[in-house]
């Protein structure tokens, strides 16, 4: 077909669940591009079939190599090419960073179309403070790495947003309860779909609920900012005990000091007592 789009890369946000959320501009671009780079051709194929388009699909995921990227860059120098993820806005914990960076470095026009994003939808539903928030992608799968991330971000005075999978939710809630005692947490899932759900409570309350109602799919996990009051002794002891299970007293004290702003030497002395 005759293209009215200029050559270049078009970053297109797609629905996170409800197909009715696709924008008119996204439809117009997907109809006119020469090809669509996507994570999974089967997933994007369903969307294109829904729209009635037979545009060429090219797989571009986390395993794509330099050769795959070079072929896409060569194509977009002569034609318009869209980049989509399986759902939501590309590059937000999805592939595409290197492709966009290299396209810009080579002077290839890059256009981004705004649209659905699970992190933002979860934030608006949660009822947690939204004047500032920090999106931190997926929590690590391994327990030690997960705890390191939570301790690093614990002192940040803003709502924290993570992506999580259903099988790992229980472990993440347990870690939040241990390392961020007293924090309010929200679990948002099935966003924009028929059974959309957003539950807010303590990590322990949410863990108990989902033990009885096992969730499915991907989840937006939100943690309220720390309270303005100082961390009390019980909270500090809980943090230290958790770290002492996997770290030396000096390392545990250093991590808790970073998380709470408390004096490292005082924490070290207390860690020795608890050990």
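Exactly one residue among 146, 132 is surrounded by fewer than 19 Cβ atoms within 10 Å (Cβ to Cβ) and either in contact (Cβ under 8 Å) with a residue 12 or more places away in the chain or touching a helix residue (DSSP H, G or I) at 6+ places or on another chain (Cβ under 8 Å) (or both), and that residue is 132. Of the residues contained in the range 10-26, none is found to be assigned to a helix (DSSP H, G or I), surrounded by 16 or more Cβ atoms within 10 Å (Cβ to Cβ), at pLDDT 95 or above and in contact with a helix residue (DSSP H, G or I) (Cβ under 9 Å, 6 or more places away or on another chain).
Let's see how each residue does on (1) out of contact with any strand residue (DSSP E or B) (no Cβ under 7 Å at 6 or more places or on another chain); (2) more than 9 Å from residue 9 (Cα to Cα):
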residue	(1), (2)
65	yes, yes
87	no, yes
90	no, yes
103	no, no
108	no, no
111	no, no
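Within the range 156-183, being closer than 12 Å to residue 136 by Cβ and in contact with a helix residue (DSSP H, G or I) (Cβ under 6 Å, 6 or more places away or on another chain) holds for 160, 161, 164.
Taking the residues in the range 183-202 that are crowded, with 16+ Cβ neighbours inside 10 Å and over 19 Å from the mean Cα position of the chain (by Cα) as candidates, determine which candidate is nearest to residue 255 (Cα to Cα).
Initial filter on the range 183-202 (crowded, with 16+ Cβ neighbours inside 10 Å): 183-192, 198-200, 202.
Restricting the remaining residues to those that are over 19 Å from the mean Cα position of the chain (by Cα) gives 183, 202.
Numbers: 183: 19, 202: 23 Å.
Once the filter is applied, the top-ranked residue is 183.
Residue-by-condition table, conditions (1) in contact (Cβ under 8 Å) with a residue 60 or more places away in the chain; (2) under 25 Å from residue 191 (Cα atoms):
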residue	(1), (2)
21	yes, yes
29	yes, yes
33	no, no
39	no, yes
44	no, yes
52	no, yes
56	no, no
63	no, no
66	no, no
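Taking into account only those residues within the range 222-268 that are part of a helix (DSSP H, G or I) and loosely packed, with under 12 Cβ neighbours inside 10 Å, which is modelled with the highest pLDDT?
The initial filter retains those residues of the range 222-268 that are part of a helix (DSSP H, G or I), namely 233-244, 249-260, 264-268.
Those still in the list that are loosely packed, with under 12 Cβ neighbours inside 10 Å too: 233-234, 265.
Numbers: 233: 60, 234: 58, 265: 84.
Across the range 222-268, the extreme among qualifying residues is 265.
The values are calculated or read from the model by the stated rules, or taken from the named source; none is laboratory data. Everything numeric in this text was worked out from a predicted model, so none of it was measured. Every residue, glycine as well, gets a Cβ built from its backbone with ideal geometry; the counts of neighbours run over all protein chains shown.
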